[in-house]
Amino acid sequence: MKLIVYAGVFAFLMATTAVELMTIGMQLPRNILVTIIMSTAGLKAVVIAMFFQHLKDEPKALSILVIIPIIAAAALIGISILSIQPFVPSG
Amino acid sequence: MPDLGNNILVSNTYETFTGLFGTFSTLAIIVGAVVLGLMTYLILRYRDKGTSTQEPEDAPTLGKLPAERGKVKTIAVSLTLSTTILVFLVFGTFGALDNILTPPKDAIDIKVTAFQWGWKFAYPNGYEETKELRVPVGKAVRLIVVSEDVFHNFGIYDYKIKIDAIKGRTNHIWFEAKQPGEFTIQCYELCGIGHAFMKAKLVAMEPGAFNAWYSTSGA
Amino acid sequence: MVQETEKPSVPPAWSIKRWLFTTNHKDVGILYLLTSVFFFVAAGWLALLVRTQLGAPDNAFLNSSAYNQAVTVHGLLMVLWFLSPFAIGFANYIVPLQIGARDLAFPRLNALSYWLYFFSGILMLMSFFTGSAPDGGWTLYSPLSSQRYTPFLGLNVAAAGIIMMIASITVGTVNFIVTIVRMRAPGLKYKHLPMFTWAMLITIGMMLYAFPSLLAGTLILFADRALGTLYFSAPEGGAILWDHLFWFFGHPEVYIVLFPAIGVVGDILPTFTRRPLYGKKYIVLSLVAAAIISFVVWGHHMFITGINPTVMKLFNITTVAVSLPFDVITIAMIETLVRAKIRLKAPVLFAIGSIALFVIGGITGVFLASVALDFQLRGTYWVVSHFHYVMVGGSAMALIGGLYYWFPKITGRMYNEKLAKTHFLLSFIGFNVLYFPMYLLLDMPRRIVTYTASTGWGQMNLLATAGAWIFGLSQLLMFYNLFVSMKKGMPAGPNPWQASTLEWATSSPPPFHNFDTIPVISEGVVHLTNGAGHSAALGAKAETEHVHETHTSTWPIIISAAAFFTLLGLLMGFPVLQLAVAFGVIAVYGYGRERFTVRHEENAESWPYQGVENVKLGVWIFLASEVIFFSALLGAYIFVRVNSATWPAAGQILSIQHGAVNTFILLTSSFTAVLALVSAKAGSRKYTMLSLLTTLVLGLAFMLNKASEWKELIEHGFTFNSGLPASSYFITTGAHGVHVAAGLATIVYLIIRAAEGRYTKGDSGTIEHFGLYWHFVDIVWVFLFPLFYLL
C-alpha cells in the first residue's frame, strides 16, 4: 500500500481523537455523548484493523476469525448488563 | 422414579414441581427406553457372530475414503420428534414458572438473611429469630432473601423450592403451606466449612395457632 | 516407544534428555497422555476419599475442611488437568497422522504448551502445602473465594496454576488450528477429515473463545487476592460478575471435554462395525451448531440468582435448543449399527457404552434446562449425577476406548483383550452403581460433608460409594494390562483393526517423520507408498532429498520454568520475581534466536487461508483470543460501573490530559510500526531501524507517562483497594500495560536482528507479525481511553 494512504489513516486517527476530546466539552446529554464517543472509538478500531493490520487485503476468513469473538463478547457484556436489574415478583 | 417424599401435598410449590417433574420423567423414561432398547437390539442383531467372513460392501478400507452415508429424512424425522417433545416441555415449564414467580397480593413478607452459617428470619412485626421459620398453613408467604456475606442458597427440600442468597441482591420466592408440620431448611450452595450444618426448621402451623404465636411474639 | 530412525541428532527413547527437550508431536503426545493419567489417578483418589466420607450418615472420616478441599481439587483436576489434556494428548499423537502431516505447525510451541501444562499442575498440587488447597468448589464462586473468606495462600497458588494452564491452552489452540487448517495432505478436503480430527478442530475453536473469559476472571481473582483489588468482594461485582465470567467459559467447557470423545467414538464405530459412519456430514454440522449455541446458554447456571424472567426464558430456550444437535449425533451413531458387522472388541464396547451413558446424561440434562424444575434441582445430587454421566460416562469412557484403540499404534503392541473386556464390564457396572443412585438423591445438597440418618439418604449413598470403589479399582486392570502389554504384547502391525484413516497407513509406532512420502488423495483414493493396504498408482512426488528437521529444543521447558517461578514470584516478591522475569526474558530471547527447521509441504491443503502463512495465521488466532480476554475485562468494568450507585465523573480523578497524551503517543507508534514494515519491504535497513527505534521510544514514553500517572494517583489515595473505580482502572490499564511492555521487549529483539541485517531481504514477516500485535494493543487502548477517561 502507498505510504500516503498510511499517512492519511494516521491523520484521520489523530483527528478523530481530537473530535472525541472536543465532544466531551460540549455538555451533551449522557446517552448521546456515550453513543458518539463509543462509535468514534469503534470507527478508529475498524480503520486500524483494515489499514494498519491490512485486513482489507487479506482473505475474508481472517476477518471472520476476529469478528466471531466480537459477537461472542457482545453477548457476554450485553447479557451480563441485562442481569443486573434484579427481578421483584409481586402479585 | 425418584423419591418424591411421602406424597402428601405439603405445599403449592411441591405440587407445581411434582406435576412438571412427572411429565418430564414420563417422557424421559419413554425416550430413554426407546433409544437404549434400540441400541441393545441393534448390537445383538448385528454383532459379528463369526459365522461368515463376508464384510459389508462399504466396509472401511485403508487407502479408500469412506463412502458418504445417511439420509436427511432419518435426521429430520428424529429432529421433528424431539423438537415436538421439547417445545411441549418448554411450554409446561413456562406455565409453572409464572406460578413460581407470581405471589398472591396478600402474601406475608418475611425477610430471610443468610450468613455463615445460619439463617435469620425477620417478620413484619419486627420479631426476629434464627432457629425456626414459622408460617401459617393456607396463607401465601413471600420470602425476601439476602445474604450478609458469601453466596448461599435457601432451600426447603420437602417444598421443592429454593433461591440464591447473594450479597448485594434481594431475591424473592413464595410458597403456601398446605399441611402443618416441620420441615428442614438447608443451604444448597457451598459456603465454607459450616455449609453442611447451615440448617433451620420450617414450622407450618394451623392458622389459629400461628396467629396466637405471632401476636404474642415480637415487638 | 517411538522408533529411532535415521536421526542421530535425537536422543534415544531411554534417555531423559529426549523427553525433556523433544518437540516431536508423538513424543509430546505421549507426555500429555502420561501426565494427564497421573492427574486422573490423583483426582480419582480424591473422589474415593469423598465417596468414602459420604458412604454413611454422620461419618467423620474427613472433616469439613479436608472434605471441601478434596471436592474442589477433584473437580479442578478432572476437568482442567485430566479430561482436556488427555484428549490433547491423543490430538497431538493422532491428528498430524490423520491429516498426513509431518508434525504440528509449530513443534516448539507444542513442547511449550506441554511444559506450561506440566508446571501449572505442579502449582495446583503445591496449593495443598500452602495453608489449604482451594476449598470453595471447582467453580471458585465469589465472594467465598475472596481473601476475607478464604485467607489461605493456597488459593493464590492454585489461581496462578489456572492462569498458567490457560496460557498452555492458548498456545495449543494456535498450533492446532494452524495445523489442521493449513497442513492437510494434498487432496484432503475438510469433508474427508476423520471424525476425531473434525471434533478436535471444533473443540479447539471453542477453547480459543471460551478460555480467555476464565483467564480474565482468574486474573481478577488473583489481583483481588494478591493486590487487594475489590472486584469480587464488592457487592457491585461479587457473585454475579464471577458467575458470568466463569460460566461464559464454563458451559462451552463442558463441550470442550465432550467433543473429543465424540470424535473418538466417530472413529472407533466405523472401524469395528465395518460400516461408514452414518450421516457424518450431519454429525459435523451438529457439532458446529452445538459449539455456537454453547456460547449463549451459560445463564442456565444462574437461573435462580434473581435474574429477570425474560433472561431466564431466553436461556431456557437456548439450553433446550442445544440438545437438538446432540439428538442428531446420537441418532446417527446408533444408525451406524444397522446392517453392520460389529466386532465387539474393547474399544467399541467403551464407545457404545459411552453413547448409552451420554443418552442418560443428556436426557437428565433436559430437566435442568427447565427453569421451573431448576428451582428444585439446582445444587442437588441430580446435577452431580447429570454432569458425571456426561463427563465421565460420555467423555472419559470414550477416551479410555480411544486409549485401547490407539494403544497398538502408539506402542506397536496389542493389549490383552480379555482383561480389557473385563475392565469395561466392571467399570460400566461400577459407573452405574456409582452415579444412578444419585438421581434418586434429588433432595440432597451437593458438597455437604455429611448428612443425618433422618434424611433417609444413607442407603443410596452407600450404594454410590460401593460403585465408586468398583469403578475406581477397575481402572487398575487397565493400567496393569497396558503396562504389561507395552513390553510383552503381540506385535500389532501397521493396521490391526483394518481401519481406514491415515494413522493406520504407517508403521506402529510411526517413524519420526510419520510418512516416507506424504499421502495424496484424489478421487476417493489415498495414494501411499509405504505402510499396508497402499495403492501406489499415482504416488506422491518422491522426496529424495532429506530436509534435516529439528526435533529437540531446550527452550520450551526453560521458558515454562521461568513462567512458573514468575507466578510464584508474584506471591513471594523480591528477588524471586525479578530473577524469574530476567530468566524468562533470556529464555524467550534464546528461543527466538534458536535455529529450528520445520519442513513445510508446499502443496498442502490450506483453504480458506491460502496465502496467509502459518505464523501470520497463528498471530491472528492469538489475537482472536485476546479479543475475548480484553472484552471480558472491559465487560467486568462496565458491569461494576453500571451496578454502582455512584461513580466519579470524567476528569474528576483520572486526568483527561494524561490519557489524551498517551492516546496520541500510541497512535503515532502504530504509524511508525507501519513505517518499519514499509521500509523493510522496500529493503531499507536504515529506515527500518529508524522506524523501529521511534516505535520503541514512543512505547517507552507511553509507559513512563503511565507510570507517572499511576504514581500520582496512588499518592493521592487512589489505590488498588480504595474502591471499584480504582480497582477496575488499575487492573484494566495494568493488563494493557503488560501487553505494551511485551511489545517493547519484542521491538528490542527486532532492532537487534535488524542490526544484524535481517528483515530487509524479503524476510519482513516478523516485523509484520509484530505490527499486527502492536496495532491490536493500540486498538485496545482506543477503547480504554474513552471508557476510563472520557465517559
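The values are calculated or read from the model by the stated rules, or taken from the named source; none is laboratory data. If you're wondering where the values come from, they're calculated on a predicted model, not measured in any experiment. Ideal geometry is used to build each Cβ from the backbone, glycine not excepted, and the neighbour counts take in all protein chains shown. For accessibility, only protein heavy atoms count, side chains too; no ligands or nucleic acids. Shrake-Rupley method; radii C 1.70, N 1.55, O 1.52, S 1.80 Å.
Can you tell me which residue among C:Gly651, C:Gly635 is farther than 26 Å from A:Phe10 by Cα, of a type outside the set (A, V, I, L, M) and modelled with pLDDT under 95?
When all the criteria are applied, what remains is C:Gly651.
Evaluate the following for C:Gly393: is it touching a residue at least 12 places away in the same chain (Cβ under 8 Å), buried (at least 21 other Cβ atoms within 10 Å of the Cβ), within 11 Å of another protein chain (Cβ to nearest Cβ) and of a type in the set (Gly, Ala, Ser)?
Considered against the rule, which asks whether it is touching a residue at least 12 places away in the same chain (Cβ under 8 Å), buried (at least 21 other Cβ atoms within 10 Å of the Cβ), within 11 Å of another protein chain (Cβ to nearest Cβ) and of a type in the set (Gly, Ala, Ser), C:Gly393 comes out as no.
Give the residues of the range C:28-57 that are closer than 24 Å to C:Gly402 by Cβ and of a type in the set (Gly, Ala, Ser), sorted by residue number.
C:Gly29, C:Ser36, C:Ala42, C:Ala43, C:Gly44, C:Ala47, listed by residue number.
Scan the range C:772-781 and give yes if some residue there is free of Cβ contacts under 8 Å to residues at least 40 places away in the same chain, of a type outside the set (Asp, Glu), open to solvent by less than 40 Å² (accessible area, probe 1.4 Å) and in a helix (DSSP H, G or I), otherwise no.
There is at least one residue in the range C:772-781 that is free of Cβ contacts under 8 Å to residues at least 40 places away in the same chain, of a type outside the set (Asp, Glu), open to solvent by less than 40 Å² (accessible area, probe 1.4 Å) and in a helix (DSSP H, G or I).
From the list C:Ala91, C:Ala133, pick out the single residue that is part of a loop (DSSP other than H, G, I, E, B) and either open to solvent by less than 20 Å² (accessible area, probe 1.4 Å) or touching an Asp or Glu at 6+ places or on another chain (Cβ under 8 Å) (or both). Lay out the reasoning, then the answer.
Working: C:Ala91 fails: part of a loop (DSSP other than H, G, I, E, B).
Just one listed residue meets the conditions, C:Ala133.
For the range C:304-332, how many residues meet the condition of being at the interface with chain B (Cβ under 9 Å from one of its Cβ atoms) and in contact with a helix residue (DSSP H, G or I) (Cβ under 8 Å, 6 or more places away or on another chain)? Give the steps one after another, and end with the answer.
Of the range C:304-332, the ones at the interface with chain B (Cβ under 9 Å from one of its Cβ atoms) are C:304-306, C:309, C:312-313, C:316-317, C:320-321, C:323-324, C:327-328, C:330-332.
Still in the list and also in contact with a helix residue (DSSP H, G or I) (Cβ under 8 Å, 6 or more places away or on another chain): C:304-305, C:309, C:312-313, C:316-317, C:320-321, C:323-324, C:327-328, C:330-332.
Qualifying residue count, the range C:304-332: 16.
Just checking: which of the strands (runs of 3 or more DSSP E) contained wholly in the range B:90-191 hold 1 or more residues that are within 12 Å of another protein chain (Cβ to nearest Cβ)?
B:108-115, B:140-147, B:152-156, B:161-165, B:171-176, B:181-187
Does B:Phe183 count as hydrophobic (A, V, I, L, M, F, W, C), touching a residue at least 24 places away in the same chain (Cβ under 8 Å) and closer than 23 Å to A:Val88 by Cβ?
no
Any residue that is open to solvent by 20 Å² or more (accessible area, probe 1.4 Å) and either of a type in the set (Ser, Thr, Tyr) or modelled with pLDDT of 95 or more (or both) - is there at least one of those in the range C:156-165? Step through it out loud before you land on a result.
Taking the range C:156-165 as the starting set, the residues that turn out to be open to solvent by 20 Å² or more (accessible area, probe 1.4 Å) are C:163.
Next, only the ones that are either of a type in the set (Ser, Thr, Tyr) or modelled with pLDDT of 95 or more (or both) stay: C:163.
Yes: the range C:156-165 contains one or more residues that are open to solvent by 20 Å² or more (accessible area, probe 1.4 Å) and either of a type in the set (Ser, Thr, Tyr) or modelled with pLDDT of 95 or more (or both).
Output the number of the condition that C:Thr179 fails; it satisfies all remaining conditions of (1) of a type in the set (Val, Ile, Thr); (2) open to solvent by less than 10 Å² (accessible area, probe 1.4 Å); (3) touching a helix residue (DSSP H, G or I) at 6+ places or on another chain (Cβ under 6 Å).
(3)
Assess whether C:Lys409 counts as being crowded, with 21+ Cβ neighbours inside 10 Å, part of a helix (DSSP H, G or I), in the same structural domain as C:Phe350 (by TED's automatic domain parsing) and not acidic (Asp, Glu).
Here the answer is yes, as C:Lys409 does meet what is asked.
In the range B:195-219, which residue that is more than 7 Å from chain C (Cβ to nearest Cβ) and within 24 Å of C:Val449 (Cα to Cα) is surrounded by the most Cβ atoms within 10 Å (Cβ to Cβ)? Spell out the reasoning first.
Residues of the range B:195-219 more than 7 Å from chain C (Cβ to nearest Cβ): B:197-219.
From the residues that got through so far, the ones that are within 24 Å of C:Val449 (Cα to Cα) too are B:197-202.
On the way: B:Phe197: 15, B:Met198: 24, B:Lys199: 14, B:Ala200: 22, B:Lys201: 13, B:Leu202: 22.
If we take residues in the range B:195-219 being more than 7 Å from chain C (Cβ to nearest Cβ) and within 24 Å of C:Val449 (Cα to Cα), then B:Met198 is surrounded by the most Cβ atoms within 10 Å (Cβ to Cβ).
Within the bounds of the range A:60-78, is there any residue that is under 19 Å from A:Leu3 (Cα atoms), facing another protein chain (nearest Cβ under 8 Å) and of a type in the set (D, E, K, R)?
No, the range A:60-78 has no match at all.
Residues C:Ala210, C:Ala216: which one is buried (at least 24 other Cβ atoms within 10 Å of the Cβ), closer than 25 Å to C:Asn316 by Cβ and under 18 Å from the mean Cα position of the chain (by Cα)? Lay out the reasoning, then the answer.
Values: C:Ala216 fails: closer than 25 Å to C:Asn316 by Cβ.
So the residue among C:Ala210, C:Ala216 that is buried (at least 24 other Cβ atoms within 10 Å of the Cβ), closer than 25 Å to C:Asn316 by Cβ and under 18 Å from the mean Cα position of the chain (by Cα) is C:Ala210.
Residue-wise test of (1) free of Cβ contacts under 8 Å to residues at least 40 places away in the same chain; (2) of a type outside the set (S, T, N, Q); (3) away from every other protein chain (no Cβ under 14 Å).
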| site | (1), (2), (3) |
| --- | --- |
| C:Met444 | no, yes, no |
| C:Tyr451 | no, yes, no |
| C:Ile470 | no, yes, yes |
| C:Asn495 | yes, no, no |
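Anything in the range C:603-634 that is in contact (Cβ under 8 Å) with a residue 60 or more places away in the chain, small (Gly, Ala, Ser) and at the interface with another protein chain (Cβ under 7 Å from one of its Cβ atoms)? List them, or say none.
C:Ala624, C:Ala632 - these are the residues of the range C:603-634 that are in contact (Cβ under 8 Å) with a residue 60 or more places away in the chain, small (Gly, Ala, Ser) and at the interface with another protein chain (Cβ under 7 Å from one of its Cβ atoms).
State yes or no: is C:Ala216 in a loop (DSSP other than H, G, I, E, B), among the aliphatic types (A, V, I, L, M) and touching a Leu at 6+ places or on another chain (Cβ under 6 Å)? Explain how you work it out, then say what you get.
Numbers: in a loop (DSSP other than H, G, I, E, B): no; among the aliphatic types (A, V, I, L, M): yes; touching a Leu at 6+ places or on another chain (Cβ under 6 Å): yes.
For C:Ala216, the condition - in a loop (DSSP other than H, G, I, E, B), among the aliphatic types (A, V, I, L, M) and touching a Leu at 6+ places or on another chain (Cβ under 6 Å) - is not met.
Residues in the range C:603-617 that are small (Gly, Ala, Ser), more than 10 Å from C:Thr179 (Cα to Cα) and open to solvent by less than 40 Å² (accessible area, probe 1.4 Å): how many?
Looking only at that region, the number is 1.
Of everything in the range C:422-438, what is surrounded by 20 or more Cβ atoms within 10 Å (Cβ to Cβ) and under 31 Å from the mean Cα position of the chain (by Cα)? Give them in sequence order.
C:His423, C:Phe424, C:Ser427, C:Phe428, C:Gly430, C:Phe431, C:Leu434, C:Tyr435, C:Met438
Exactly one condition in (1) open to solvent by 30 Å² or more (accessible area, probe 1.4 Å); (2) part of a loop (DSSP other than H, G, I, E, B) is false for C:Leu654; which is it?
With respect to (1) open to solvent by 30 Å² or more (accessible area, probe 1.4 Å); (2) part of a loop (DSSP other than H, G, I, E, B), C:Leu654 is out only on (1).
Might you let me know whether the range B:108-121 holds any residue that is in contact with a helix residue (DSSP H, G or I) (Cβ under 7 Å, 6 or more places away or on another chain) and at pLDDT 95 or above?
yes
Looking at the range B:155-176, is at least one residue closer than 25 Å to C:Ser65 by Cβ, in contact (Cβ under 8 Å) with a residue 60 or more places away in the chain, open to solvent by 50 Å² or more (accessible area, probe 1.4 Å) and not polar (S, T, N, Q)?
Within the range B:155-176, none of the residues are closer than 25 Å to C:Ser65 by Cβ, in contact (Cβ under 8 Å) with a residue 60 or more places away in the chain, open to solvent by 50 Å² or more (accessible area, probe 1.4 Å) and not polar (S, T, N, Q).
For the range C:661-680, which positions are under 11 Å from A:Thr17 (Cβ atoms) and either free of Cβ contacts under 8 Å to residues at least 12 places away in the same chain or within 34 Å of the chain's Cα centre (by Cα) (or both)?
Of everything in the range C:661-680, those that are under 11 Å from A:Thr17 (Cβ atoms) and either free of Cβ contacts under 8 Å to residues at least 12 places away in the same chain or within 34 Å of the chain's Cα centre (by Cα) (or both) turn out to be C:Phe664, C:Leu666, C:Leu667.
Contact list please: Cβ distance under 6 Å, first residue in the range C:582-602 and in contact (Cβ under 8 Å) with a residue 12 or more places away in the chain and assigned by TED's automatic domain parsing to the domain that holds C:Ala185, second residue open to solvent by less than 80 Å² (accessible area, probe 1.4 Å) and in a loop (DSSP other than H, G, I, E, B), pairs at least six apart or on different chains.
Close Cβ pairs (under 6 Å, with a partner that is open to solvent by less than 80 Å² (accessible area, probe 1.4 Å) and in a loop (DSSP other than H, G, I, E, B)) do not exist here.
So which pairs qualify, if the first residue must be in the range C:241-260 and open to solvent by 10 Å² or more (accessible area, probe 1.4 Å), the second must be modelled with pLDDT under 95 and of a type in the set (Ser, Thr, Tyr), the Cβ gap must be under 6 Å, and the two must be at least 6 apart or on different chains?
Hits for this filter: zero, empty list.
Where the second residue is among the aliphatic types (A, V, I, L, M) and in a loop (DSSP other than H, G, I, E, B) and the first is within 24 Å of C:Phe512 (Cβ to Cβ) and lies in the range C:551-575, which pairs have Cβ atoms under 8 Å and are six or more apart or on separate chains?
Short answer, once both residue conditions are applied: C:His551/C:Val10; C:Thr552/C:Val10.
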